[in-house]
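Reviewing the structure listed below.
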Amino acid sequence: MLEGAFALLDALRHREDAGVTMLAAACGLPKTTAYRLLDQLVELGAVERSAGRYRIGPGMFRLGQGWQPHPGLRAAAQRPLRRLAAATGTTATLAVLYEGQTLILDRTATDLSRPVPDDRRIWPWYTATGKILAAWAGPDLALGPLPRSWPDEAALIRESGVAYDREEVLEGVCCAAVPVFVAGGVPVPALGVLTGPDHRLQRLAGTARRAASAITAALGRQR
């Protein structure tokens, strides 16, 4: 029963909404079983139902907010992230690598007119934060069809400790990103600042490095 419920939630994760017939087929469940499980998930707030179609509910969002790849990361990053956004007038983001994609854990939009990607999961080599994460990723981690030039670019990113996105994802949006190191010198998240093409990305990268160091220090104090 629990396995079936998680299968339904995972199927909904990839769709804006869906009917019970489609979900049952996608999960390999009898339609009656899928309907019963969805009904229970609706009661728990994990799924919402509207006009006979289902979508992920607010209960799953609240649960997801509790996930973090390193103990205390969200708490340690909260103040430096917001200070970074306030000091630079940019949108600051904190991202990790999950299942080969960039997952945005937190972001602070100081300039609300600045567009940011709607999808929180993005293939890593398109964004500055993703490039940082992919450059330090282990060799066994599947990252999808990487560009042929990626090995050289990854080596340069590791050497310089910074990655840039110059309107590669959205026109008019640039980003500088740096790694955040945790215990043992391992970079788990990446810290990025999104801004317009008129900003000097190298200067923003320096400010982001100081914020990343503040997060590392805060994580150390929690131990």
> Looking at (1) under 22 Å from THR88 (Cα atoms); (2) modelled with pLDDT of 75 or more; (3) surrounded by 12 or more Cβ atoms within 10 Å (Cβ to Cβ), can you tell me which one ARG203 breaks?
Replying inline: (3)
>> It is to be established whether one or more residues within the range 53-60 are surrounded by 14 or more Cβ atoms within 10 Å (Cβ to Cβ), of a type outside the set (Gly, Ala, Ser) and at pLDDT below 80.
In response: yes
> Can you pull out the strands (runs of 3 or more DSSP E) entirely within the range 26-110 that have at least 1 residues that are of a type outside the set (Val, Ile, Thr) and within 17 Å of LEU191 (Cα to Cα)?
Replying inline: 91-98, 101-109
>> If a residue must be out of contact with any strand residue (DSSP E or B) (no Cβ under 7 Å at 6 or more places or on another chain) and either at pLDDT 85 or above or surrounded by 16 or more Cβ atoms within 10 Å (Cβ to Cβ) (or both), how many such residues does the range 136-149 contain?
In response: 1
> For residues in the range 74-110 being surrounded by 23 or more Cβ atoms within 10 Å (Cβ to Cβ) and polar (S, T, N, Q), which is farthest from LEU204 (Cα to Cα)?
Replying inline: THR102
> What number of residues within the range 145-165 are over 20 Å from the mean Cα position of the chain (by Cα) and under 16 Å from THR127 (Cβ atoms)?
Replying inline: 3
> Here are some residues: ALA75, ALA18, ALA46. Which one is at pLDDT below 90, under 26 Å from the mean Cα position of the chain (by Cα) and under 15 Å from THR108 (Cα atoms)?
Replying inline: ALA75
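The values are calculated or read from the model by the stated rules, or taken from the named source; none is laboratory data. Model, not experiment: these values are computed from the prediction. We place every Cβ from the backbone using ideal geometry, glycine too, and count neighbours over all the protein chains shown.
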